[in-house]
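The values are calculated or read from the model by the stated rules, or taken from the named source; none is laboratory data. Owing to the predicted nature of the structure, the values given are computational and were not obtained by experimental measurement. Note that each Cβ is placed from the backbone with ideal geometry, even for glycine, and that neighbours are counted across all protein chains shown. Heads up: the accessible areas ignore ligands, DNA and RNA and are worked out on the full protein's heavy atoms, side chains in. Shrake-Rupley method; radii C 1.70, N 1.55, O 1.52, S 1.80 Å.
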Amino acid sequence: MYQFNREEYEKRMKWFVDARFGMFIHWGLYAIPARGEWVRSTEEIPKEDYMKYFEEFDPQECDPAVWARAAREAGMKYVVMTAKHHDGFCLFDSQYTDFKSTNTKCGRDFVAEYVEAVRNEGLKVGLYFSVIDWYHEDFPHYGDRNHPMRNHPECSNENRNFDRYLTYMHNQIREICTNYGKLDLLWFDFSYDNLRGEAWKATELIDMVRTLQPGVIIDNRLEVSGEGYGSLAAGNPTPYHGDFVTPEQMIPPEGIKDVNGNDLYWESCVTMNGSWGYHATDRFFKPSSMLIKKLVECVSKGGNMILNIGPDAHGRIPEQSARILKEIGQWMSKNSRSIYGCTKTGLAKPEMGRITGNGKSLFFHLYENAIGPVPLLGVKKSDVKGMRYLATGAEVPVSKSWVHSDYPDILFADLGPDPVLPDPVDTVLEVILK
Ligand code: GLC
């Protein structure tokens, strides 16, 4: 019977909870059609037609070191890259298939290059691995919910051997857990219908993973998908329980708790535009100002945010994404102490923004100024040692103005006469506690 070990769990989760901010990288053959990573499914492209992208794939300019540097400069503390997505194409040198980047014109093992580059930047290394595989003949085709050939009766499943597929899948996960050094995070994706948990032989799989990579943390998608929380939330953790919940393209309105009301660790995964894989015509990019506030929102609710880039067919970061990362990095370079190692504070969300905290300081994220001194509701004056602008360290006095004399119990910050906040996106006021 699996015994959940809370102490071991909290120990392996610590870096993740402190990091708060990661980069997702979705890249592979689908960058060539440039219509997102689900293109084979959404357009029901037969395998033989998809193979033209395999024959063409030759990203000479791809440099994972550029990705890793961009992540660090944006203030991200970990990176998760697709080793294999649903199309089954492996960015690593698997001995179990020919459908891999080392068999393309470029002959490169991008996972090997990626893990080295991320480690060189001092960041934690994550790999995404799809348990779904539309290339493998033993994965269900006709009638499956997602397979490109789901509507093709000629692709019936009589002669498919799912156990043979599971052996293949487990062998590949053994490869990535064996051949690429220490992994910090494995991001499995995803379970649906009856394909979840032991349908993946998940206990055997995670026993192997934890033997090969003892400190690795895993997401919850051997159990669920972006929908559902998993067995840890249900209070009866399975041997393959997700270590964190993975809300997708949304931020949980009030964070996430288990059935007993205990906070769960979670990570919102978010695209910059609307696509994970490169999409040439999806120009609906979220402004950096919005993404900064969404990162603050995640942390203020006790969660992480992993922000995605989808490099193009050459392996280059799209210029809109590069610009957004740079702008986020400029804010993080001055304010990251209000993100790293921070979490929810138990204080009500203030009118003018949000609050994060690390036990030693409260960080009031001011998105708009008040008329007059700024009320910091919920903070006892007697608990406050002092206040500073986080970005500059400049002292912010406690206001003694007559205008709020009717509210003697509320702490007011005196931001001075300028009604325009120093940072138009998020001015962080550090309230240092005694
Ligand atoms: C969903 C998508 C998949 C993407 C993942 C990222 O599972 O199907 O394409 O990689 O979300 O969270």
Length added when fully stretched, SER333-THR178, from 0.36 nm per residue minus Cα-Cα: 52.3 nm
Environment charge of TYR114, counting only residues whose C-beta is closer than 12 Å and scoring Lys/Arg +1, Asp/Glu -1: -3
Protein accessible area in the chain, 1.4 Å probe - carbon and sulfur %: 51
Cross-link reach list, lysines versus LYS105, counting only Cα pairs under 16 Å and skipping chain neighbours closer than eight places: LYS52
Spatially proximal aspartates and glutamates relative to LYS380 (Cα-Cα < 20 Å; intrachain offsets below 8 disregarded): GLU351, GLU395, ASP406, ASP409, ASP414, GLU430
Cβ crowding within 10 Å averaged over residues, with 392-399, 237-244 ranked highest first: 237-244, 392-399
Mean Cα-pair separation over length for the chain, i.e. relative contact order, pairs under 8 Å, 6 or more apart, %: 16
Cross-link partners of LYS326 among aspartates and glutamates (Cα-Cα below 14 Å; sequence separation of 8 or more within a chain): GLU73
Rel. contact order, % - alpha carbon contacts under 8 angstrom, at least six apart, the range 274-313: 59
Cα centroid separation - the range 369-420 against the range 120-196, whole Å: 54
Efficiency of FRET from Cβ geometry, ALA234 and ASN161, R₀ 51 Å, rounded to 0.05: 0.95
Accessible area (Å², per residue) of the range 6-338, counting only protein heavy atoms and a probe of 1.4 Å: 38
Percent of C-alpha pairs per 20 Å bin, the chain, short to long: 25, 52, 20, 3, 0
Ranked order, HIS314, HIS404 - accessible area, probe 1.4 Å, largest first: HIS314, HIS404
Percent antiparallel among DSSP beta bridges (both partners in the chain, rounded to 5): 45
Where GLU56, GLU319 fall by accessible area, highest first, once all protein chains stay in place (1.4 Å): GLU319, GLU56
Of the GluC sites (Glu not before Pro) in the range 221-286, those whose Cβ has at most 14 other Cβ within 10 Å and which sit in DSSP loop: GLU227, GLU254
Given LYS11/LYS182; LYS14/LYS301; LYS84/LYS301; LYS182/LYS434, the pairs whose alpha carbons are separated by over 28 Å: LYS84/LYS301; LYS182/LYS434
Average accessible surface area per residue within the range 342-423, 1.4 Å rolling probe, Å²: 59
